[in-house]
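In what follows, a structure is listed as structure tokens, so that the remarks can point back to it.
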Amino acid sequence: MSSKLKIFNTLSKEKEIFKPSRAPHVGLYVCGPTVYGDPHLGHARPAITFDLLFRYLQHLGYKVRYVRNITDVGHLENDADDGDDKIAQKARLEKLEPMEIVQYYTERYHTYMNALNVKSPSIEPRASGHIIEQLAIVESIIDKGFAYESNGSVYFDVERYNKEYNYGILSGRVLEDLLRSTRALDGQSEKKSSFDFALWKKAAPSHIMRWPSKYSDGFPGWHLECTAMATRYLGKTFDIHGGGMDLLFPHHECEIAQSTVAHGQGPASYWMHNNMVTIEGQKMGKSLGNFITLEEFFSGGHKLLNKAWSPMTIRFFILQAHYRSTVDFSNEALLAAEKGLNRLMEGIERLNNISPGLRNDYNVDELELKCYDALNDDLNSPVLIAHLFDAVKAINQAYDGKLSFSKENLDKLRHLINLFVFELLGLKTINKNNADSDVLNGVLSLILNIRQEAKNNKDWVTSDKIRIGLASLGIEIKDGKDGASWEVKK
RNA sequence: GGUCGGUUGGCCGAGUGGCUAGGCAGCGGUCUGCAAAACCGCGUACGGCGGUUCGAAUCCGCCACCGACCUCCA
């Protein structure tokens, strides 16, 4: 079980060897979506990043409990006293019960994550289902003197906290600097300091999502939800907390503060943050209105998209960059990813048709080592993919008769490719539009036979007519040494 | 303004003090009736200016530009 996995810990800003505190069990918590809109490319990044981590940890033999929440309440448009809840706002807009919004977008999220072949987490709790746990933490923080009640709301006392602990331990922020450089916003009179954050908010009369508490009828603060749900399912401390880099401050910093007061220490040993997807160099996000939803990617229905991009192309595109780097969206980059993925998949298909030779010219053990090294080095998926392309090259050379695999090595390579490409990177063979139906296969095999006869008779008119005719139906003929094959092109 | 990060060949994107990922595009070739596809081969790039070093794209300094966060965001 002693793995050589190193992960970059945002807390220490260093790559550290991963040592779970209760091996073989691993607790992993990742901040999930606030379900008030369709999932976009930005949502795909953490989902895929931590899916890779989840898969790899499991492969290493860990029993992973992966918790990824659904935020269905408490995520405010802003933190002013009259800040509106994102879900409630959407519900009012569409004249729906908030939970209808939640249900709808949660299902949408699942649909698209599923398309991206992102595994379901072990537990997917909803914030609204954990009000009691959240209120218990509020009370505990008040009891310890680090939160105060104000007009029915409860706020975390950041300045008080910072006197005993370090508010900024994760983000590197210095509270004094923050306070100095920020002027007080209007309508924050309830708070002692502008950086205090809400643990519990009193609901305005018009507010539809509300729960009773001894402070007021209200709703929980966003930061508190993750602390409550993580504690409930993973305990007061657990191994890895993940999320997008944009959540680092204040969200994760606040989680640490809450947990430190309530439980005596920060929640996680390792903090992992994925970087952003950018578009023309700028973060793709709701605030800038420059996001493209996953549905739009899959259908091509967005003015910035030249065509539809399959879920696996999106997944591969994301995995081709390291998770801590920004990845810039463009049609050109996606096309490169699509073609690259195709090359990889065709190589793998070819691998099944290679016969072993007497010699062995390829060192599969070395490839295996390199692949593991790549993942162990802070989940370096782009390097892993580069090694896999080396294998594809060898496969193609073998296919060309320029290189030979021994039986043993061929089996080993097949196993290895299966492990890294399908199990760990989570790529799937591209669905060829039911192209594998027996009828279609039979018809095309007949047509290709006729074409071959025509070619044998040097009847180029007929053979070209077949080729062009099929092409117009979206079927591409590929002439090879051993006859022709076909593929349905979208 | 503060904090942090980035700047790599036509594009995307890794990485290391010397052994110069990978994908896409491009070029040349093989194959083919022609084409397509496929395969093979080819590209010596690391923002600028200094410094350290036998040697730096990789370390240090300065400058320029870009981005993220600074109580909405994956």
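All of the numbers you see were taken from the coordinates with simple rules; none came from a lab. Keep in mind that this is a model prediction, so the values were computed, not measured. All Cβ positions, glycine included, derive from the backbone under ideal geometry; neighbour counts span all protein chains shown.
Tabulated results
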| item | result |
| --- | --- |
| Peptides A:325-337, A:32-44 ordered by average Cβ neighbours within 10 Å, highest first | A:32-44, A:325-337 |
| Average Cα contact separation per residue, chain A, under 8 Å, 6 or more apart, as relative contact order % | 15 |
| Calculated Rg and Dmax of region A:182-333 using C-alpha coordinates, Å | 19.8, 57 |
| Restraint check, A:Lys63/A:Lys286; A:Lys15/A:Lys63; A:Lys15/A:Lys163; A:Lys95/A:Lys191; A:Lys6/A:Lys236, Cα-Cα greater than 27 Å | A:Lys63/A:Lys286; A:Lys15/A:Lys163; A:Lys95/A:Lys191 |
| Hz values of 3J(HN,Hα) by residue in region A:166-179 - Karplus curve (6.51, -1.76, 1.60), Gly and Pro given as x | 10, 7, x, 4, 8, 8, x, 6, 10, 4, 4, 5, 4, 5 |
| Whole-Hz couplings from phi, Karplus 6.51/-1.76/1.60, listed for region A:97-112; x for Gly and Pro | 5, x, 5, 5, 4, 4, 4, 4, 6, 5, 5, 4, 4, 4, 4, 7 |
| Sequence ranges A:146-157, A:249-260, A:388-399, A:281-292, ranked by mean other-Cβ count within 10 angstrom, highest first | A:249-260, A:146-157, A:388-399, A:281-292 |
| Between helix A:407-417 and chain A: long-axis angle, C-alpha atoms, 0 to 90°, nearest 10 | 40 |
| Footprinting exposure proxy for A:Glu408, A:Glu139 (fewest neighbouring C-beta atoms within 10 Å first) | A:Glu408, A:Glu139 |
| Distance between modelled label sites at A:Ile17 and A:Asn306, nm, 7 Å Cα→Cβ extension | 4.7 |
| Fraction of beta bridges assigned by DSSP in region A:236-370 that are antiparallel (%, nearest 5) | 20 |
| Region A:121-214 - convex hull of alpha carbons, volume per residue in Å³ | 151 |
| Euclidean distance of C-alpha centroids, region A:234-266 and region A:300-366, integer Å | 35 |
| Positive dipole terminus of chain A, leading residue within A:Thr293, A:Ala471, A:Gly357 (C-beta point charges) | A:Gly357 |
| Computed label-point distance, nm, for sites A:Ser325 and A:Leu358 using a 7 Å Cα→Cβ extension | 4.5 |
| Charge-dipole axis of chain A as Lys and Arg at +1 and Asp and Glu at -1 on Cβ define it, positive-most pick from A:Leu427, A:Gly129, A:Val158 | A:Leu427 |
| Pairs beyond 27 Å (Cα-Cα), from A:Lys339/A:Lys455; A:Lys13/A:Lys90; A:Lys303/A:Lys339 | A:Lys339/A:Lys455; A:Lys13/A:Lys90 |
| Order by protection proxy (mean Cβ within 10 Å, highest first), peptides A:123-131, A:192-200 | A:192-200, A:123-131 |
| Gap separating the Cα centres of region A:450-490 and region A:97-155, nearest whole Å | 57 |
| Distance cut-off 38 Å, percentage of C-alpha pairs in chain A lying past it | 37 |
| Relative contact order of region A:209-350, pairs being alpha-carbon contacts under 8 Å that are 6 or more residues apart, as % | 17 |
| 222 nm mean residue ellipticity, helices alone, for chain A (DSSP H n ≥ 4; -39,500 (n - 2.57); rounded to 500) | -13500 deg cm²/dmol |
| Stretch gain in nm, segment A:Thr462-A:Asn290, where the contour uses 0.36 nm per residue and the Cα spacing is subtracted | 56.9 nm |
| Neighbourhood net charge (11 Å Cβ-Cβ; Lys/Arg +1, Asp/Glu -1) for A:Thr293 | -1 |
| On Cα atoms only, tilt of A:253-263 relative to the major axis of chain A in degrees | 60 |
| Student exercise, chain A dipole from Lys, Arg, Asp, Glu Cβ charges, in Debye to nearest 20 | 940 |
| In nm, spacing of pseudo-spin labels at A:Asp365 and A:Ile208 (7 Å Cα→C-beta vector) | 6.5 |
| Value of relative contact order over region A:1-49, rounded to a whole percent, pairs C-alpha under 8 Å and six or more apart | 21 |
